[in-house]
Amino acid sequence: MAAVLGKKDNKDTFVNSQNGKYPMEISDWHYVGDISALKKSVNHKLLELHEVFSAQVELAKIESELKSLQTEKKYFQSYLTDNHVDMKKFSSIVPLSSKRILRLLDEYQSFDGNKKWQYVLFCSFCALKYGVMSLKFWKQDVQSLIASLQNKFYEMRKKELEERKEKLEHFLDTRESDLLQKMCDESLDILKDIIWHKYARKKERNVFSAGELQSNAVDFLNEYPIVLSTTFSALSCLGTNTMYDYVIMDEASQVDVATGALSLFHAKNAVIVGDSKQLPNVVDSSMKKEIEKIFQNALVKECFRYTHSFLQSVKMQLSSERCVLLKEHYRCHPRIIEFCNKKFYHDELAIMTQDNGEDDVLKVIMTKEGNHCRNLYNQREIDVILNDILYNETKIESIGVISPYRNQVNALQKQINNVEIDTVHKFQGREKEFIIISTVDNQITNFVDDANMLNVAVSRAKKRLCLVTNGNKNNKKGNINDLISYIRYNNFEVSESKISSIFDCLYSQYTKQRQEFLKKHKDISEYPSECIMYDTLLKILSEDEFSSLEVVCRLPMNMLIRDYCLLNDEERKYATNPLTHIDFVLVNRLSKLPVLLIEVDGVAYHQEGTKQAERDKMKNSILEKYQLPLLRLRTDGSEEREKIVQVLRRNENK
């Protein structure tokens with residue numbers, strides 16, 4: 001029932017292939033049973049499948065969190081060892097969930113009494129409230145007590161996730177394994193019956209000439225209700241007055257604004273499908289200049305700028321409620337797509353593939369330092385691909401090699417046989433079991449570091465990914481460096497940096513817990529400022545430019561710094577105190593390293609001459625020694641958002 005039209009060749013082929021007959025199989029498509037009962041059965045299965053799909057998505061997210069928790073727990077154990085922390089295990093006489101543990105941790109870190117009787121009273125109150133009666137636990141030093149709570153959080157969170165996982169798996173095991181297939185089969189029977197009623201009783205089928213495609217479009221659509229075409233040719237398929245009930249546009253990120261807009265003139269309804277995080281349509285430089293002149297001289301909305309893809313344009317016009325994210329991902333190994341998920345998709349994807357603990361999923365090979373790139377071509381990287389990677393591979397046909405530059409691709413194709421090799425742009429829409437990325441540059445350029453390009457390149461790999469890049473020292477932060485950091489983190493490599501990784505699972509949940517506490521204490525002068533700042537930070541990080549960052553609250557300084565050799569005795573004592581914390585830390589989701597530290601300074605509490613002001617100076621000095629960027633924002637200041645964005649952009653370009 002579909003007609004492949006579009007460009008002239010397709011239309012000519014269609015016109016010449018008509019034989020005036022309907023397909024023979026239509027005569028067997030009449031449903032002999034109760035069609036009403038069949039429709040009810042499909043609707044029932046749809047409702048049941050909705051529950052199944054929801055459970056599958058939740059299960060995928062749980063498995064992802066469990067994997068992250070496992071990785072993070074190893075870093076936590078390393079932190080305990082490096083800091084010689086001797087913590088006490090404890091139990092509670094009341095149910096103690098991971099959420100209640102974080103609540104206890106929050107109350108403990110918020111306690112500001114400095115007299116012994118106050119501490120005894122506070123501990124007694126917490127013991128009664130949370131059921132932790134062990135004297136050994138409450139007599140620990142501050143660092144050990146906090147570590148005990150953090151360790152308990154990991155234990156309980158793991159237990160909760162595993163229990164929920166078991167329930168979901170039991171639910172899924174009790175559902176029909178072929179429920180989806182049955183629903184599809186029954187839906188197909190309904191469709192076939194509709195087609196039978198419409199066409200089976202007709203003896204001859206209308207044959208349309210090329211001219212009748214334009215003049216008799218209504219009759220044509222009655223015979224062929226589905227028309228397939230490229231966006232560019234959609235207008236010329238049938239008559240100019242033709243209206244379609246639905247226009248479904250796929251790969252809309254590669255469609256230009258003008259072509260996409262014209263196709264909507266013939267649509268009663270439209271469904272626009274695409275990924276704005278992948279490569280957009282290419283606009284050559286000469287056209288950009290001409291279009292920009294028109295744009296500047298005409299009163300045109302920003303969303304209609306020609307350099308935007310049609311998908312971008314539509315998203316800028318529509319409300320967020322009318323944009324639906326297709327969350328389920330079924331192609332890549334979880335460790336591969338998790339990079340894209342955290343870096344580009346705000347951690348919103350549900351990864352439906354399985355992680356079986358393979359140890360060769362991600363890899364980075366760096367060439368020796370040197371000026372190996374010449375005219376956008378790097379023979380040293382080609383040698384690495386040939387001798388260090390492909391030499392040991394047996395399934396050559398399952399490998400794809402990607403490079404941003406055509407010159408590198410041409411050189412690779414001349415030297416390597418039986419392997420699919422192409423530019424990132426050409427590889428969009430394709431996939432391979434094993435993808436090798438050659439970056440070529442001696443120093444990573446903005447072109448190679450493009451977010452959309454890297455997202456496409458990485459997500460072409462189904463099971464394995466190898467990044468081949470130059471070993472030159474590269475101080476510029478960017479997407480490629482984030483990928484390298486992510487690979488290091490997930491392969492449990494120990495960084496030589498004096499700055500340690502953030503405990504993301506613990507402190508992302510702690511941050512949520514902290515905000516619940518703040519909302520209940522808005523009458524306390526310092527808390528509203530923290531709530532306002534947290535809300536501001538969330539809005540900043542919701543923007544695509546900063547999507548690879550997340551915020552954690554009240555992070556202890558001793559979790560940022562692991563080597564205290566740069567500090568004097570007084571600074572060391574202050575930095576190792578578990579109650580010394582940073583108000584807000586913006587963290588890279590991939591490397592778990594801090595990007596920007598923010599302190600919110602209440603005017604009265606932080607005024608010059610107070611003990612707090614002296615502590616502020618010491619904190620500034622410590623953070624400066626470890627090159628940790630700190631931004632202090634006073635509650636009587638202004639333009640806080642602009643200041644934060646400015647610092648983030650400046651740090652990104654260092």
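The values are calculated or read from the model by the stated rules, or taken from the named source; none is laboratory data. Bear in mind that the values here come from a model prediction, so they are computed numbers and not experimental data. Virtual Cβ from ideal backbone geometry, glycine too; neighbours counted across all protein chains shown. In case anyone asks, the SASA skips ligands and DNA or RNA and just uses the protein heavy atoms, side chains included. Shrake-Rupley method; radii C 1.70, N 1.55, O 1.52, S 1.80 Å.
Those helices (runs of 4 or more DSSP H) of the stretch 419-494 in which 2 or more residues are farther than 21 Å from GLU338 by Cα occupy 424-427. Across the stretch 102-151, which residue is surrounded by the fewest Cβ atoms within 10 Å (Cβ to Cβ) among those that are touching a Ser or Thr at 6+ places or on another chain (Cβ under 9 Å) and of a type in the set (A, V, I, L, M, F, W, C)? By that ranking, first place goes to MET133.
Regarding PHE220, is this residue crowded, with 16+ Cβ neighbours inside 10 Å and among the hydrophobic types (A, V, I, L, M, F, W, C)? When the stated conditions are applied, PHE220 passes them. Criterion applied to PHE447, PHE434 was being closer than 25 Å to PRO280 by Cα, open to solvent by 60 Å² or more (accessible area, probe 1.4 Å) and aromatic (Phe, Trp, Tyr), and the one residue passing it is PHE447. In this structure, does SER313 turn out to be open to solvent by less than 40 Å² (accessible area, probe 1.4 Å), within 24 Å of GLY429 (Cβ to Cβ), over 29 Å from the mean Cα position of the chain (by Cα) and not aromatic (Phe, Trp, Tyr)? No; evaluated as a whole, the condition is false for this residue. Taken as a whole, the structure places ILE396 among residues that are aliphatic (A, V, I, L, M), farther than 27 Å from ASN481 by Cβ and either open to solvent by 20 Å² or more (accessible area, probe 1.4 Å) or within 23 Å of the chain's Cα centre (by Cα) (or both).
Just one of (1) over 30 Å from ASN341 (Cβ atoms); (2) touching a Gly at 6+ places or on another chain (Cβ under 9 Å); (3) modelled with pLDDT under 90 fails for ILE291. It is (2). Please work out which residue is most open to solvent (accessible area, probe 1.4 Å), limiting yourself to the stretch 317-335 and to residues that are at pLDDT 90 or above and within 16 Å of GLN278 (Cα to Cα). Checked the stretch 317-335; the qualifying residue most open to solvent (accessible area, probe 1.4 Å) is ARG331. Looking only at the stretch 533-546, how many residues end up being open to solvent by 30 Å² or more (accessible area, probe 1.4 Å) and either farther than 15 Å from GLU642 by Cβ or in contact with a strand residue (DSSP E or B) (Cβ under 8 Å, 6 or more places away or on another chain) (or both)? Qualifying residue count, the stretch 533-546: 5.
Selection of the stretch 347-359 for residues being at pLDDT 85 or above, assigned to a loop (DSSP other than H, G, I, E, B) and under 17 Å from LYS463 (Cβ atoms) yields MET352, THR353, GLN354, ASP355, ASN356, GLY357, GLU358.
Restricting attention to the stretch 228-253, the residues that are part of a helix (DSSP H, G or I) and touching a strand residue (DSSP E or B) at 6+ places or on another chain (Cβ under 7 Å) add up to 3. Scanning the stretch 4-30 for residues that are closer than 24 Å to SER187 by Cβ and in contact with a Leu (Cβ under 7 Å, 6 or more places away or on another chain) gives a single hit, VAL4.
Taken together, LEU96, LEU69, LEU104 contain a single residue that is in contact (Cβ under 8 Å) with a residue 60 or more places away in the chain and either closer than 20 Å to CYS553 by Cα or out of contact with any helix residue (DSSP H, G or I) (no Cβ under 7 Å at 6 or more places or on another chain) (or both), which is LEU69.
Determine which member of the set THR635, THR610 is more than 30 Å from ARG335 (Cα to Cα) and surrounded by 17 or more Cβ atoms within 10 Å (Cβ to Cβ). Let's see the steps before the verdict.
Working: THR610 fails: surrounded by 17 or more Cβ atoms within 10 Å (Cβ to Cβ).
The match here is THR635.
When we screen GLY239, GLY211, GLY260 for residues that are more than 16 Å from ALA2 (Cβ to Cβ), open to solvent by less than 60 Å² (accessible area, probe 1.4 Å) and without any contact (Cβ under 8 Å) to a residue 24 or more places away in the chain, the only hit is GLY211. A single member of LEU376, LEU279 is open to solvent by less than 30 Å² (accessible area, probe 1.4 Å), in contact (Cβ under 8 Å) with a residue 12 or more places away in the chain, touching a helix residue (DSSP H, G or I) at 6+ places or on another chain (Cβ under 8 Å) and outside any helix (DSSP H, G or I), and it is LEU279.
Total residues in the stretch 68-103 satisfying the condition of being at pLDDT below 90, part of a loop (DSSP other than H, G, I, E, B) and of a type in the set (Ser, Thr, Tyr): the figure is 2.
Within the stretch 219-230, residues that are farther than 18 Å from ASP250 by Cβ sit with their Cβ atoms under 6 Å from residues that are surrounded by 14 or more Cβ atoms within 10 Å (Cβ to Cβ), at 6+ positions apart or across chains, in these pairs: PHE220/PHE208; GLU223/ASN206; TYR224/ALA3. Scan the stretch 288-345 for residues that are assigned to a loop (DSSP other than H, G, I, E, B), more than 19 Å from ASP544 (Cα to Cα) and touching a residue at least 40 places away in the same chain (Cβ under 8 Å) and the total you get is 4. For the stretch 187-199, the criterion of being touching a residue at least 24 places away in the same chain (Cβ under 8 Å), assigned to a helix (DSSP H, G or I), of a type in the set (S, T, N, Q) and touching a Leu at 6+ places or on another chain (Cβ under 8 Å) is met by no residue. Within the stretch 19-29, is even one residue of a type in the set (Ser, Thr, Tyr) and open to solvent by 50 Å² or more (accessible area, probe 1.4 Å)? Among the residues of the stretch 19-29, at least one is of a type in the set (Ser, Thr, Tyr) and open to solvent by 50 Å² or more (accessible area, probe 1.4 Å), which makes the answer yes.
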